[in-house]
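The values are calculated or read from the model by the stated rules, or taken from the named source; none is laboratory data. All values derive from a computational prediction rather than experimental measurement. Note that we place each Cβ from the backbone using ideal geometry, even for glycine, and neighbour counts take in every protein chain shown.
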Amino acid sequence: MHIADFVSGSIGGACGVAVGYPLDTVKVRIQTQKQFRGVYQCAVETYSKEGVHGFFKGMSLPMATVSMTSSVVFGTYRNCLQCLKQARGADWGPNTKLEVFLSGMAGGVAQITVMSPGDIVKVRLQCQTESKRGGANMAKPKYHGPVHCLLSIVKEEGLVGLYRGALPLMLRDGPSYATYFLTYTTICEWLSGGSKKKTDWSGVMLAGGIAGMAGWTVGTPMDVIKARLQMDGAREIKRYKGFFHCITETVRVEGAGVFFRSLGINCLRAFPVNMVVFFTYEVLTGVLQAGPERVEPPRLGFE
């Protein structure tokens, strides 16, 4: 097994969360709350009412779990590549684009069991716009923090409540990670001119940023449905009967365009986040596999 990929992926994922979390909070609020009409208005209102802290609500749990989820994604991806290569009897040959695509999809789906509980806590806390600084006559936050939110969900909805939105999460991350890794390896191949020459660090960061944008372009519609199902009934009367009802009701009330309303901010966030993720991943993988005296960006798919 490629243990280095598990370790490097976990640290790279944590760095990505730290970089992109404020925009992620704005994105989730736009997707789930109608009082926010756009990125700028949401950011200004969040800052004026809740201060800088408002952009980082619920961050502690994702930081604690992202190391595990990113480790699963990158580790599953790399080991699936190796298994698929061996299955067609080409142990030393390059992976095909189809193998890269399927391995990326496997990595995205594999992380769901680990990711879902932390993700619903993150979304619930991000959408909690009440401030602890509010006066006596103002509404108080329902959840006091990540642990209280987690326990409250289990108490009110059972363990199954932690996996609300797991289906759209899977339908988001399977195709988006497949696109993500395929885009990254394809751009790296283009930048190296199709040769076996290693891509330089600027190329790694460019490819990572573009790959992140491509992945979110594919995943944004399911991201909207996921967030709405996770918030449904948490603050008001339950509106959706299930996955398909959420889709049809959302289209009926707000039109199909709502599925891409947060695409701009997703792409804006995805570029720097995944630039950092891949740069960190490649540096650490190079160190762990080759030793500190020879750090080169390893190729994730094509060789």
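Here is how the numbers come out for the structure above:
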item	result
Selection within the stretch 15-40 - charged (D, E, K, R) and in a helix (DSSP H, G or I)	D24, K27, R29
Neighbours by Cβ (under 8 Å, 6+ apart or cross-chain): first from the stretch 230-241, buried (at least 18 other Cβ atoms within 10 Å of the Cβ); second among the aromatic types (F, W, Y)	D232/Y240
From G51, G89, residue being free of Cβ contacts under 8 Å to residues at least 12 places away in the same chain and at positive phi	G89
Among the residues listed as A4, A43, the single one being at pLDDT 90 or above, assigned to a helix (DSSP H, G or I) and more than 23 Å from R172 (Cβ to Cβ)	A43
One residue from A178, A166, A214 being under 18 Å from the mean Cα position of the chain (by Cα), closer than 30 Å to G286 by Cβ and surrounded by fewer than 23 Cβ atoms within 10 Å (Cβ to Cβ)	A214
Unique match (being over 26 Å from T25 (Cβ atoms), assigned to a helix (DSSP H, G or I) and either modelled with pLDDT of 90 or more or hydroxyl-bearing (S, T, Y) (or both)) among E189, E99	E99
One residue from G93, G58 being more than 22 Å from the chain's Cα centre (by Cα) and not in a helix (DSSP H, G or I)	G93
Meets criteria (in contact with a Leu (Cβ under 8 Å, 6 or more places away or on another chain), over 22 Å from A166 (Cβ atoms) and crowded, with 18+ Cβ neighbours inside 10 Å) for T220	no
